[in-house]
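The values are calculated or read from the model by the stated rules, or taken from the named source; none is laboratory data. Just so it is clear, the model here is predicted, and its values are computed rather than measured. Note that each Cβ is placed from the backbone with ideal geometry, even for glycine, and that neighbours are counted across all protein chains shown.
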Amino acid sequence: MWSIQIVTNHVERLKMSKTVAVILSGCGVFDGAEIHESVCTFLALDKAGVTYSVFAPDMDQHHVINHITGEEMDETRNVMVEAARISRGAINDLADFDEEEFDAVILPGGFGAAKNLSTFAFDGADADVNEDLREALQAMKRAGKPIGALCISPAILASVFGDVLLTVGSDEATIEELEACGARHQVTGNDEIVIDTANKIVTSPCYMLDTSIKHIAIGAEKTVDALLKLCA
């Protein structure tokens with residue numbers, strides 16, 4: 001009994017010592033970060049006893065969408081300012097990201113990942129990735145630190161790294177574009193994650209599937225748990 005308790009305490013101390021960066025792409029599923037996925041990620045990290053910091057690029061988002069009508073609006077919004085709505089004002093410029101300060105990084109989804117952080121929504125396999133984000137992800141991978149991505153965000157990892165194992169669920173058109181980047185795709189359902197142990201990458205489909213917030217919470221929690229295990 002005592003040995004089990006000692007191991008449990010050791011695991012909890014490991015969790016408490018970890019710091020994770022969360023990278024957002026704005027605020028709102030159609031033109032920024034998916035709010036449910038973002039908040040469920042924060043909750044999963046907090047429940048695990050992990051300290052986290054939120055980052056976003058200081059740039060104009062691709063466009064602004066009316067989330068009631070789905071129509072484009074004639075206005076301009078800043079990605080970092082919008083992301084701060086979700087993080088309750090605690091936000092950092094992605095240009096200031098330092099991989100030495102973090103044990104892992106995770107990207108919630110939302111169309112902002114494919115419109116603001118990258119051009120995957122428009123260019124598919126030929127997408128460009130925000131340079132600050134590209135450098136941050138490459139630095140984390142060089143340092144052997146794990147990377148998590150939810151929903152459509154794995155497309156960014158495919159664009160940056162090429163031959164990695166990941167999932168976006170089961171959407172055939174998206175899978176085709178990911179594989180054109182050189183990525184290997186695994187079809188998944190609700191609550192499932194895919195772990196690329198060799199590259200220390202964890203992905204979950206979340207709202208790439210027709211699902212509900214309870215499954216988003218489970219997917220985020222499983223992703224966070226796997227990231228923490230890869231940190232060890």
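In the range 203-211, the condition of being over 23 Å from Ala127 (Cβ atoms) and either touching a strand residue (DSSP E or B) at 6+ places or on another chain (Cβ under 6 Å) or at pLDDT below 95 (or both) is met by no residue. For the range 180-205, filtered to residues that are touching a Pro at 6+ places or on another chain (Cβ under 8 Å) and in contact (Cβ under 8 Å) with a residue 40 or more places away in the chain, the residue that is nearest to Leu150 (Cα to Cα) is Thr203. In this structure, Cys151 qualifies as in contact with a Gly (Cβ under 6 Å, 6 or more places away or on another chain) and among the hydrophobic types (A, V, I, L, M, F, W, C). Do any residues in the range 42-55 that are part of a helix (DSSP H, G or I) have Cβ atoms under 7 Å from those of residues that are among the acidic types (Asp, Glu), where the two are at least six apart or on different chains, and which pairs are they? If the second residue must be among the acidic types (Asp, Glu), the pairs left are Ala44/Glu221. For the range 194-226, a residue qualifies if it is closer than 16 Å to Val164 by Cα and hydrophobic (A, V, I, L, M, F, W, C), and the qualifying residues are Val194, Ile195, Ala198, Ile201, Val202. Among the residues here, Ala220 does not qualify as without any contact (Cβ under 8 Å) to a residue 40 or more places away in the chain and surrounded by 22 or more Cβ atoms within 10 Å (Cβ to Cβ). Determine if the range 122-130 includes at least one residue that is without any contact (Cβ under 8 Å) to a residue 60 or more places away in the chain, farther than 25 Å from Ser159 by Cα, touching a strand residue (DSSP E or B) at 6+ places or on another chain (Cβ under 6 Å) and of a type in the set (Val, Ile, Thr). Within the range 122-130, not a single residue is without any contact (Cβ under 8 Å) to a residue 60 or more places away in the chain, farther than 25 Å from Ser159 by Cα, touching a strand residue (DSSP E or B) at 6+ places or on another chain (Cβ under 6 Å) and of a type in the set (Val, Ile, Thr). For the criterion of being surrounded by 18 or more Cβ atoms within 10 Å (Cβ to Cβ) and more than 22 Å from Ile216 (Cα to Cα), Val129 passes. Within the range 105-116, take every residue that is under 11 Å from the mean Cα position of the chain (by Cα) and of a type in the set (A, V, I, L, M, F, W, C) and give me the one that is nearest to Gly28 (Cα to Cα). In this case the residue turns out to be Ala113. Going through the range 62-75 one residue at a time, which ones are surrounded by fewer than 19 Cβ atoms within 10 Å (Cβ to Cβ) and either outside any loop (DSSP other than H, G, I, E, B) or free of Cβ contacts under 8 Å to residues at least 12 places away in the same chain (or both)? Asn66, Ile68, Thr69, Glu71, Glu72, Met73, Asp74, Glu75 - these are the residues of the range 62-75 that are surrounded by fewer than 19 Cβ atoms within 10 Å (Cβ to Cβ) and either outside any loop (DSSP other than H, G, I, E, B) or free of Cβ contacts under 8 Å to residues at least 12 places away in the same chain (or both).
Across the range 146-163, which residue is farthest from the chain's Cα centre (by Cα) among those that are aliphatic (A, V, I, L, M) and buried (at least 24 other Cβ atoms within 10 Å of the Cβ)? The qualifying residue farthest from the chain's Cα centre (by Cα) is Ala158.
To keep it simple, each residue is scored yes or no on (1) modelled with pLDDT of 95 or more; (2) buried (at least 21 other Cβ atoms within 10 Å of the Cβ); (3) among the aliphatic types (A, V, I, L, M); (4) within 23 Å of Val224 (Cα to Cα).
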{"site": "Gly28", "(1), (2), (3), (4)": "yes, yes, no, yes"}
{"site": "Glu37", "(1), (2), (3), (4)": "yes, yes, no, yes"}
{"site": "Ala48", "(1), (2), (3), (4)": "yes, no, yes, yes"}
{"site": "Asp60", "(1), (2), (3), (4)": "yes, no, no, no"}
{"site": "Arg77", "(1), (2), (3), (4)": "yes, no, no, no"}
{"site": "Leu94", "(1), (2), (3), (4)": "yes, yes, yes, yes"}
{"site": "Phe102", "(1), (2), (3), (4)": "yes, yes, no, yes"}
{"site": "Leu117", "(1), (2), (3), (4)": "yes, yes, yes, yes"}
